[in-house]
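One structure below.
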Amino acid sequence: MKILVVGGGGREHAIIWKLSQSVKKPVIHCAPGNGGIAALATCVPIKATDVPAMVEYAKKERFDLVVVAPDDPLALGMVDALEKEGIRAFGPNAAAARVEASKVFAKDLMQKYGIPTAGYRVFTSPEAVLAHLADCDYPTVVKADGLALGKGVIICNTYEDAKAAVQKIMVDRVFGASGARVIVEDYIEGPEVSVLCFADGKHLVPMVSSQDHKRAFDKDEGPNTGGMGTFAPTPKYTPAVEEEVTRTILLPTIEAIAAEGAPFKGVLYFGLMLTKDGPRVLEYNARFGDPETQVVLPLLKSDLIDIMEATIDGTLDQMDVEWEQGACVCVVMASGGYPGSYQKGYEITGLDALQGRDDIIVFHAGTQLKDGKTVTSGGRVLGVTAKAKDIAGAREKAYAAVNEIRFTGAHYRRDIGVK
Ligand code: GLY
């Protein structure tokens, strides 16, 4: 079986790591891939957003399955384009991917179908939104409608903050057309939980719950990042919370998207906040989370290829998806300066000694191979992941592994999994 995975970060490394364990012994290609993925897959230098080039490559190589992992190619309709050529693709089509690509679409869907989320208003002009912001309660949340590399959600404590957010999103168009509309949303509080689900258009299979750490520094201080570490499962997602979330959020969402004429197939990610008034949806993503995937897939016992096939075929209800009982922690090692500017090209040492262990997996995010060495090539460099019977044990092992790895300027949080 031949599989192409689109993307080149830690999430894609985790997907490929899991696919490569299948009894089907797949031959895997990855576009564009990275220095760690290259050990498991043939990496090809096609940009993840280059839809025509990806479709051409998939046709030429006759892949049995193409897994489209990142948000941009999904929003650009890569799955639609592959399916048009008769190529089996895992991921939502562009219509269904709007749950992530347009926050206005997602909020309107939740409102229409009574799915619990924070109150909101949509604005299409800076004047109208500023008039509203001059007279609203703070803190408040200003969100760009479209994709913004995870940076389009701004929590504002004062009118001055909100004015700066509108300037950035709507006037300066830092995120391009994604800033044509903004949402102003009520600020809500509580622990955050990520619940990723396989979805086949009609049925959902939730994965183990997980929790991300988005701020750059310990104790949730510093700027927002793409994610500095994760753990799974989260003890806050108790069986009672899970029952309520399934009944009020997961099932109504899959039904709502189908009722809008765009059944969702792929991974539907629910970013939830457990408020004192009950669980609320913060956001939907149309894909595996990063770095949530790095802690969720190591706990999956079942064959990922079988699950992906069932997702495409609409037969997830006939699958028995099994999970391990243990826990997993992923500590992201980032380049010095990230999420601001940083230097690349530093050699990474200490990786060889960690290879071949079942309980430690180092997922590569921003790395490349150069003259036989692994060097840094991005902001988030590695996701050092460990499995144990509980979170405390996994945390201890993950940090012991982090201590073995060296590169100039490396920074990481010391408190992943503590809360
Ligand atoms: N970890 C957040 C995301 O994948 O969007």
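Assorted remarks:
- Cα→Cβ-extended label distance, 7 Å offset, between Y113 and V418, nm: 3.9
- Residues in the stretch 286-291 carry Karplus couplings, in order, of 9, 6, 4, x, 10, x Hz; the curve used is 6.51 cos²θ - 1.76 cosθ + 1.60 with θ = phi - 60°, and Gly or Pro positions show x.
- Cα-based shape type of the stretch 175-221, given that a ≥ b ≥ c are square roots of the gyration tensor eigenvalues and the cut on a/c is 1.5: oblate
- Evaluated with a Cβ-only charge set (Lys, Arg +1; Asp, Glu -1), the chain carries a dipole of roughly 860 debye about its Cα centre, given to the nearest 20.
- Over the stretch 288-350, relative contact order from alpha-carbon pairs under 8 Å, at least 6 apart, %: 34
- When the chain is described by a simple charge dipole with +1 on each Lys and Arg Cβ and -1 on each Asp and Glu Cβ, the residue from S125, I46, L204 located farthest towards its positive end is I46.
- Length available on full extension from E347 to T49: 0.36 nm per residue minus the Cα-Cα distance, which gives 104.5 nm.
- Per-residue Karplus couplings for the stretch 353-369, computed as 6.51 cos²θ - 1.76 cosθ + 1.60 with θ equal to phi - 60°, are listed in order as 5, 9, 6, x, 9, 6, 9, 10, 10, 9, 8, 8, 10, x, 9, 8, 8 Hz, Gly and Pro entered as x.
- Under the convention that each Lys and Arg Cβ holds +1 and each Asp and Glu Cβ holds -1, the size of the dipole of the stretch 1-130 around its Cα centre is about 380 debye.
- Cα gyration tensor, the chain - rounded (a/c under 1.5), prolate or oblate: rounded
- Nearest-10 value in Å² for the accessible area of K397, using the 1.4 Å probe: 60
- Here the chain has 49 percent of its accessible surface on carbon and sulfur atoms, given a 1.4 Å probe and all protein chains in place.
- Here is the list for the stretch 54-151: GluC sites (Glu not before Pro) lying in DSSP coil, each with at most 13 other C-beta atoms within 10 angstrom of its C-beta, are E85.
- Within the stretch 302-404, the GluC sites (Glu not before Pro) that combine a DSSP coil assignment with at most 12 other C-beta atoms in a 10 angstrom radius are E322.
- Estimated at 0.36 nm per residue, the fully extended path between D64 and V23 surpasses their Cα-Cα distance by 13.2 nm.
- Placing a label point 7 Å from the Cα of K301 along the Cα-to-Cβ direction, the residues of the stretch 185-213 whose backbone N falls under 15 Å of that point are 208.
- Overall shape of the stretch 220-284 was characterised from the C-alpha gyration tensor. The equivalent ellipsoid obtained from it has semi-axes of 24, 17, 11 Å, in decreasing order.
- The label-point distance for I155 and H132, in a model that sets each label 7 Å from Cα toward Cβ, rounds to 2.1 nm.
- Solvent-accessible heavy-atom area per residue, rounded to whole Å², over the stretch 3-46 at 1.4 Å: 32
- The spacing between the stretch 1-42 and the stretch 195-229, judged by their C-alpha centroids, is 21 Å.
- Considering helices alone, the calculated mean residue ellipticity of the chain at 222 nm is -7000 deg cm²/dmol, with DSSP H runs of length four and up weighted by -39500 (n - 2.57) and normalised per residue.
The values are calculated or read from the model by the stated rules, or taken from the named source; none is laboratory data. These numbers were taken from a predicted model, which means no experiment stands behind them. Neighbour counts run over all protein chains shown; Cβ positions are idealised from the backbone, glycine included. We work out accessible area using only protein heavy atoms, side chains counted, and drop any ligands, DNA or RNA first. Shrake-Rupley method; radii C 1.70, N 1.55, O 1.52, S 1.80 Å.
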